[in-house]
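Accompanying notes for the structure given below.
Read-outs throughout are calculated quantities, based only on the coordinates presented, and are distinct from any laboratory measurement. Since the structure is predicted, the reported quantities are computational estimates derived from the model, not experimental observations. Cβ coordinates were reconstructed from backbone atoms using ideal geometry, including for glycine residues, and neighbour counts include every protein chain displayed.
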Amino acid sequence: MFTIAQLIFILGQQPAACAELIGSMSNASVMGMAHFYQTSKGILLLVQVQGLPTEVQSCGPTFFGLHIHEGATCTGTNADPFADVGSHYNPERCAHPRHTGDLPPLINSNGNALMAVLVSSFSLADIMGRTLVIHSGPDDFSTQPTGASGEKIACGQILPCPMQNP
Ligand SMILES: [Zn+2]
C-alpha cells in the first residue's frame, strides 16, 4: 500500500475529477467538495463537507449515506430536489450495498465531515458526468435498493476539476 509520503504526494497533485457538493433548498448550509485522484491502486476519493445538520443527542456519531448515482444532473422536484440523479450507479445489476457506486458513509463531526477512501470498483471513465449524493441518514447496508439512507441532502456532478483547484 501507500506510504504516508506517497499519500501526501498524491493529494498534492491535480485530482482527475471533482464534484462540488451543493445542499438542497432545505439543506442550504451543506456544501463540500469531492476530489478523485487516479492512483496505481485505484481511485483515491477525498470528500470534505461542512454545514451538515447536527442534532442534540448524547449518543455516538451520526452517519450520512454516500453514493454515486447513475444520473447526470442534480435537478428534481420540490418533493425530491435531486430526483434526476436516479438510482445508485449499478451497471452490473447487483444488490445494494454491492452497487458499483456504493461508498462508505460520512461521519458527522460538529457539522463537518472528512473522508478518504480507496476504490477499485469503478474507473474514472465509469463515473465521469454522474452524480455524488449525500443522504440524510445512515446506510443500513441491507435495505433494497438504497440502504434506507433517507432524503438526498446534497449533490454534485462529477466533472473534470476547475483549473484553480489544487
Ligand atoms: Zn447501493
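Within the chain, CYS59, CYS94 have no other Cys Cβ under 4.7 Å of their Cβ and so lack a disulfide-compatible partner by this rule. Put in line by how crowded their Cβ is, counting other Cβ atoms within 10 Å and starting with the fewest, PHE9, PHE36 read PHE9, PHE36. Site pair LEU118 and LEU7 shows an inter-label distance of 1.0 nm when each label is modelled 7 Å from Cα along Cα→Cβ. Comparing the chain with the 2.2 N^0.38 Å rule of thumb, its C-alpha radius of gyration ratio is 1.00 (two decimals).
Put in line by how crowded their Cβ is, counting other Cβ atoms within 10 Å and starting with the fewest, MET1, MET115 read MET1, MET115.
Length, then width, then depth: along the principal axes, the Cα atoms of region 31-113 run 41, 40, 24 Å.
For SER142 and MET25, FRET efficiency with R0 = 35 Å and r from the beta-carbon atoms, rounded to 0.05? Here the calculated transfer efficiency is 0.70. The amide H of TYR89, built 1.01 Å from its N in the peptide plane, has ILE68, HIS69, GLU70, GLY101 as neighbours under 5 Å, considering only residues 5 or more places off or on other chains.
Rounded to the nearest 500, what is the 222 nm mean residue ellipticity of the chain from helices alone, with -39500 (n - 2.57) per DSSP H run of 4+ residues and division by all residues?
Values: 2 runs with 12 residues, N = 166.
Calculated at 222 nm, the ellipticity per residue is -1500 deg cm²/dmol.
Remind me, relative contact order of region 54-137 in percent, using alpha carbon pairs under 8 angstrom and six or more residues apart? With pairs under 8 Å counted, the relative contact order is 41 percent. Using Stokes-Einstein with the Kirkwood hydrodynamic radius over Cα pairs, what translational diffusion coefficient do you get for region 7-63 at 10 °C and a viscosity of 1.306 mPa s, in µm²/s rounded to a whole number? It diffuses with D of about 118 µm²/s by this estimate. The relative contact order of the chain comes to 29 percent, based on Cα pairs under 8 Å that sit 6 or more residues apart.
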